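The values are calculated or read from the model by the stated rules, or taken from the named source; none is laboratory data. Note that the structure is predicted; figures quoted are calculated from it, not measured. Every residue, glycine among them, receives a Cβ derived from its backbone with ideal geometry; neighbour counts consider all protein chains shown. Ligands, DNA and RNA are excluded from the accessible area calculation, which covers all protein heavy atoms including side chains. Shrake-Rupley method; radii C 1.70, N 1.55, O 1.52, S 1.80 Å.
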Amino acid sequence: MELKRRPRRLRANEAIRKMVRENHIRVEDLIYPMFVMPGEKKKIEISSMPGVYNFSLDEFVLALGDVVKLGIPAVLLFGIPESKDSVGTGAYHEHGIVQEAVRIAKKNFPKLYVITDVCLCEYTDHGHCGLIENEQVLNDPTLNLLVQTALSHARAGADMVAPSDMMDGRVAAIRAGLDNEGFSHIPIMAYSAKVASGFYGPFREAAGSTPQFGDRRTYQMDPSNGDEAMLETALDIEEGADLIIVKPAMAYGDIIYRTKARFGVPVVAYNVSGEYAMVKAAAANGWIDEKRIVLEALVSMKRAGADLLITYHALDVANWIREEGQA
């Protein structure tokens, strides 16, 4: 039998497999999420996320040294405030924990690209992403506080802001607020396709942001709805979003693909805490090859159309890439 096309010819050894590989994970693709907290000499491991920590600012600076040394270009900052209240004051206080972390990061590592999460949930005593009245999350009154938060981050020196609250109209409000205050150069990376997902559990442990009543399904999207994700994304782009986040990532490759194909903007896949925790737990039990699984999952996001990857695996991935380059 004569076969004119034999795809296995291009799988014969690692050299040719690398040469024809369609998608690659680069260190430059990685954004590393980090958690900062008040205090000194604190580096507290998150029990459900081995290898991920809540850092006091002095320990945060040391950890940033490792990030920079590995060539990871950007971090995404989340804050755990000293105290919480009903209106999330710590989110927009000029000397809040994230604001101070931004100042320290830019002072010590000016070339590191610092992105800040803009939301209220870590700072409210009720754990929701907006103001509350009669156990209802208020949309429009929340927007002003989100603008104040984004502005406080920009004043501190943030390179980019990333609103994750899922309030209607928040991108437009933040864009107008930044522009009016002379920050028209600050991009917005919008959590546009953010699903009310079961994959967020470990993050809520890390940030202490579990809602004290109800859930977030009135503002985060239903996991079943792909067309709604396209609507949310279209609205955010119209309002001024520069990059679009799809969150979670592993179970939402179709949304990543549709977003990139339809809008052509930079798409960011958020490889979230639950995805990280499952891999770590399985690897700890010897059930999987951690490195192989992580790289396969991340390349699937790139294959779907993601340009950038927010992942808690970033340090490991950067090390693996470096080791491969030195081999």
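Can you compute the label reach from S83? Point 7 Å from Cα along the Cβ direction, backbone N cut-off under 13 Å, restricted to segment 123-140.
Answer for segment 123-140: 125.
Hey, if you put +1 on the Cβ of every Lys and Arg and -1 on every Asp and Glu Cβ in segment 169-284, which of M278, M230, S184 ends up farthest toward the positive end of that dipole?
M278
Counting C-alpha atoms alone, how compact is segment 178-255: give Rg to one decimal and Dmax as a whole number, in angstrom.
Here Rg and the maximum Cα pair distance are 14.5, 40 Å.
Can you send over the solvent-accessible area of T218, 1.4 Å probe, protein chains only, in Å² to the nearest 10?
For T218, the solvent-accessible surface is approximately 120 Å².
Can you check how the C-alpha radius of gyration of segment 16-69 compares to 2.2 N^0.38 Å, as a plain ratio?
So the Cα radius of gyration is 1.60 times the expected 2.2 N^0.38 Å.
Between exposed chymotrypsin sites (Phe, Trp or Tyr not before Pro) in the chain, where DSSP calls loop and at most 11 other Cβ atoms lie within 10 Å, what's the longest gap? It would help to have the intermediate numbers written out before the result.
Working: sites that count: F213, W287.
Result, exposed sites excluded: 1-212.
Using alpha carbons only, how many angstrom separate the centre of segment 127-160 from the centre of segment 236-256?
With segment 127-160 and segment 236-256 each reduced to a Cα centre, they are spaced 20 Å.
For segment 146-215, with only Lys/Arg (+1) and Asp/Glu (-1) charged at the beta-carbon, what is the dipole magnitude about the Cα centre, in debye rounded to 20? Display every interim value, and only then the final one.
Details: 5 positive and 7 negative charges, 6 e Å.
Here segment 146-215 has a charge dipole of around 20 debye.
Of L112, L145, G127, whose Cα points farthest to the positive end of the dipole of segment 75-150 (charges on the beta-carbon: +1 Lys, Arg; -1 Asp, Glu; origin at the Cα centre)?
Highest projection toward the positive end goes to L112.
Just the number please: accessible area per residue for segment 56-168, 1.4 Å probe, all protein chains included, in Å². Let's see the in-between values first.
Working: 4200 Å² over 113 residues.
Heavy-atom SASA per residue in segment 56-168 reads 37 Å².
Given K18/K111; K260/K280; K4/K291; K69/K302; K106/K291; K42/K69, which pairs have Cα atoms separated by over 26 Å? Could you put the intermediate results ahead of the total?
On the way: K18/K111 31 Å; K260/K280 29 Å; K4/K291 36 Å; K69/K302 24 Å; K106/K291 31 Å; K42/K69 22 Å.
With Cα atoms farther than 26 Å apart: K18/K111; K260/K280; K4/K291; K106/K291.
Skip the ligands, DNA and RNA, and give the accessible area per residue of segment 275-327 with a 1.4 Å probe, whole Å².
Working: 2680 Å² over 53 residues.
I get 51 Å² per residue for segment 275-327.
What distance in nm lies between label points placed 7 Å from Cα along the C-beta direction at N144 and W287?
Inter-label distance under the simple model: 5.0 nm.
Label 7 Å along Cα→Cβ of E94; segment 104-128 residues with amide nitrogen under 15 Å?
Answer for this model: none.
Pick out, from S300, V267, Y312, the residue whose Cα sits farthest towards the positive end of the charge dipole of segment 247-327, with +1 on the Cβ of Lys and Arg and -1 on the Cβ of Asp and Glu.
Of the candidates, V267 comes out farthest on the positive side.
Could you give each residue of segment 129-140 its phi-based ³J(HN,Hα) in whole Hz, using Karplus coefficients 6.51, -1.76, 1.60 with θ = phi - 60°, and x for Gly or Pro?
8, x, 5, 10, 9, 6, 6, 10, 7, 7, 6, 5
Share of antiparallel DSSP beta bridges in the chain, in percent to the nearest 5?
15 percent
Size of the dipole of the chain about the Cα centre, Lys and Arg at +1 and Asp and Glu at -1 on the beta carbon, nothing else charged, in debye to 20? List each step's numbers first, then the result.
Numbers: 36 positive and 44 negative charges, 386 e Å.
Dipole size: approximately 1860 debye.
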